[in-house]
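Readers should treat all values here as calculations from the given coordinates under stated rules, not as data from a laboratory. In this text, all values refer to a predicted model and were calculated from it rather than measured experimentally. Cβ: placed from backbone, ideal geometry, glycine included. Neighbour counts: every protein chain shown.
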Amino acid sequence: MNIQIFGRRDCSDTRKSERWFKERRIPFQFIDLKIKGLAPRELETVAHAVGWEKLLDRESKRFLEKGLAFMTPARIPQVLLDDPLLIKTPIVRNGREATSGMQPGIWLGWK
């Protein structure tokens with residue numbers, strides 16, 4: 001497995017996902033979205049596995065502050081590239097497979 005966790009240090013679900021992999025001694029790479037966002041190709045791969053709507057954190061304070069409530073679905077890819085802090089965290093990726101949020105049931109099936 002080549003696990004990558006995209007998240008923020010101040011996100012409790014991100015910390016829970018890191019702990020989940022550490023407890024099972026599964027190595028992972030952590031990418032802090034506050035420092036570096038997903039590359040366009042990475043974002044497309046994750047969106048293909050998860051779906052664009054599930055990547056966007058519509059409940060975040062940042063989303064509401066930016067006034068994106070009436071955004072069209074076609075704008076989601078560019079909005080997430082421009083501001084990676086609008087991504088619902090954690091994004092856990094294993095090659096072409098990916099999840100958004102805490103999904104330990106799915107992670108158990110990854111090989």
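Selection of region 64-79 for residues being of a type in the set (S, T, N, Q) and surrounded by fewer than 10 Cβ atoms within 10 Å (Cβ to Cβ) yields only T72.
The set of residues in region 14-55 being over 19 Å from M1 (Cβ atoms) and of a type in the set (D, E) consists of D32, E44, E53.
Provide a single number: the residues in region 5-20 that are charged (D, E, K, R), outside any helix (DSSP H, G or I) and in contact (Cβ under 8 Å) with a residue 40 or more places away in the chain.
Step one: list which residues in region 5-20 are charged (D, E, K, R), which gives 8-10, 13, 15-16, 18-19.
Pick out the ones that are also outside any helix (DSSP H, G or I) and you get 8-10.
Going one step further and asking which of them are in contact (Cβ under 8 Å) with a residue 40 or more places away in the chain, we end up with 8.
The qualifying residues number 1.
Residues checked against (1) among the basic types (K, R); (2) over 12 Å from the mean Cα position of the chain (by Cα):
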site	(1), (2)
L38	no, no
L56	no, no
R75	yes, yes
D83	no, yes
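Remark: pairs (first residue in region 44-63, without any contact (Cβ under 8 Å) to a residue 24 or more places away in the chain and surrounded by 12 or more Cβ atoms within 10 Å (Cβ to Cβ); second residue part of a loop (DSSP other than H, G, I, E, B) and among the acidic types (D, E); Cβ separation under 8 Å; 6+ apart in sequence or on different chains) = F63/D57. The set of residues in region 48-75 that are aliphatic (A, V, I, L, M), part of a helix (DSSP H, G or I) and closer than 19 Å to R8 by Cβ comprises V50, L55, L64.
Starting from residues that are charged (D, E, K, R) and more than 10 Å from the chain's Cα centre (by Cα), keep the ones in region 85-111 and report whichever is farthest from D32 (Cα to Cα). Spell out the reasoning first.
Within region 85-111, the subset charged (D, E, K, R) is 88, 93, 96-97, 111.
Then keep just the ones that are more than 10 Å from the chain's Cα centre (by Cα); that gives 96-97, 111.
Numbers: R96: 20, E97: 19, K111: 24 Å.
This residue is K111.
Filter region 78-111 down to the residues that are without any contact (Cβ under 8 Å) to a residue 24 or more places away in the chain and small (G, A, S) and list them by number. Those that are without any contact (Cβ under 8 Å) to a residue 24 or more places away in the chain and small (G, A, S): G105, G109.
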